Amino acid sequence: MKDVERSSPENRGEAEADKLARYAPGAFALILFGPPGSGKGTQAKLLVSDLGFAHISTGDILREHIAAEDAIGRQVMAMMKNGQLVPDELVNQMVEERIGRDDCMNGFILDGFPRTLGQAENLGWLLAARGIGHLVVHLAVDYNKLVGRLTARRQCPQCGTLYNLLSRPPVIPGRCDIEGALLEVRTDDQEMVIRKRLEAYDAQTRPLIEYFRADGSLHEVEASDAPPEVIVRQVRQLIEEFRGQ
Ligand code: AMP
């Protein structure tokens with residue numbers, strides 16, 4: 001094909017349509033929704049392999065940019081340290097690029113996205129353009145439990161495995177069970193910052209519960225007390241019901 005033909009608006013439209021049509025039949029977005037510390041990351045890690053889905057954590061992607069000390073990392077570092085949300089436009093673009101990758105074609109788990117109405121609307125357009133359905137699982141946890149959990153949280157800097165000194169301590173204190181690396185406290189898991197993150201959740205993210213309730217995609221799972229292995233069974237059940245619809 002000549003370059004002129006290839007770049008014509010019609011052909012660009014076809015190329016775009018080809019790209020959007022690559023998703024497997026039945027692919028969908030599982031949105032794990034809930035406040036910081038509600039167990040979204042833990043649930044995603046338990047679900048990801050048997051679903052064959054990609055795990056997309058916007059927080060992890062942003063932390064990778066910070067670690068790489070690139071332009072995005074420099075832009076978001078202070079906001080993240082202070083427990084504030086980063087701009088919608090930035091995360092929307094990140095997610096749009098990420099869900100087009102090959103590992104998302106069977107479906108994907110969104111962990112920590114969307115967090116604002118603007119993000120939810122943008123996601124709605126992205127999914128509609130790709131013909132992909134969505135299931136929202138809201139992990140509901142008491143406020144005081146969240147603060148306790150987040151202050152006890154530790155993460156392996158190498159493999160990302162999450163530990164909790166109260167409910168899931170490592171076998172050797174302070175060391176990752178898999179990598180043996182020294183576990184770290186995320187800078188935004190300091191108590192003052194935790195409170196700010198929870199405030200941001202209340203002001204900007206909690207209202208999405210009504211948004212997803214209105215479109216019929218919201219499902220609640222009480223996640224204050226049960227261990228992750230019990231909660232994941234309920235999530236799997238919701239997935240089965242969603243697939244059977
Ligand atoms: P998380 O690991 O999901 O708790 O996210 C950690 C931090 O990354 C948040 O406190 C925000 O500063 C930023 N972040 C992650 N996801 C988003 C998002 N969807 N929108 C805005 N900021 C985000």
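Just to check your reading of the model, which residue among R130, R149, R153 is surrounded by 16 or more Cβ atoms within 10 Å (Cβ to Cβ) and within 21 Å of L208 (Cβ to Cβ)? Exactly one residue qualifies, and that residue is R130.
A count restricted to segment 102-122 and to residues that are within 13 Å of the ligand (Cβ to nearest atom) and either at pLDDT below 95 or among the small types (G, A, S) (or both) stands at 3.
Checked against (1) at pLDDT 95 or above; (2) open to solvent by 80 Å² or more (accessible area, probe 1.4 Å); (3) closer than 23 Å to G124 by Cβ, P25 passes all but a single condition, namely (1). Do we find that G41 is under 18 Å from R233 (Cα atoms), near the ligand (Cβ under 10 Å from one of its atoms) and either open to solvent by less than 20 Å² (accessible area, probe 1.4 Å) or in contact with a Pro (Cβ under 6 Å, 6 or more places away or on another chain) (or both) in this structure? Considered against the rule, which asks whether it is under 18 Å from R233 (Cα atoms), near the ligand (Cβ under 10 Å from one of its atoms) and either open to solvent by less than 20 Å² (accessible area, probe 1.4 Å) or in contact with a Pro (Cβ under 6 Å, 6 or more places away or on another chain) (or both), G41 comes out as yes.
Taking first residues from segment 26-39 that are touching a residue at least 40 places away in the same chain (Cβ under 8 Å) and of a type in the set (V, I, T) and partners that are open to solvent by less than 10 Å² (accessible area, probe 1.4 Å) and not in a loop (DSSP other than H, G, I, E, B), the Cβ contacts under 6 Å between residues at least 6 apart in sequence or on separate chains come to I31/L110; I31/V136. Taking every residue in segment 89-101 that is over 15 Å from A29 (Cα atoms) and within 12 Å of the ligand (Cβ to nearest atom) and pairing it with any residue that is outside any helix (DSSP H, G or I) and open to solvent by 20 Å² or more (accessible area, probe 1.4 Å), at least 6 positions away or on another chain, the pairs with Cβ-Cβ distances below 9 Å are V91/L85; V91/R115. Does segment 103-115 include one or more residues that are small (G, A, S), open to solvent by 20 Å² or more (accessible area, probe 1.4 Å) and closer than 17 Å to L32 by Cβ? No. Annotation: of all residues in segment 156-166 being open to solvent by less than 50 Å² (accessible area, probe 1.4 Å) and polar (S, T, N, Q), the one that is farthest from A67 (Cα to Cα) is N164.
The values are calculated or read from the model by the stated rules, or taken from the named source; none is laboratory data. These figures come from a predicted structure and were not determined experimentally. Every residue, glycine among them, receives a Cβ derived from its backbone with ideal geometry; neighbour counts consider all protein chains shown. For the accessible areas, the whole protein counts, side chains as well, though only heavy atoms, and no ligand, DNA or RNA atoms are used. Shrake-Rupley method; radii C 1.70, N 1.55, O 1.52, S 1.80 Å.
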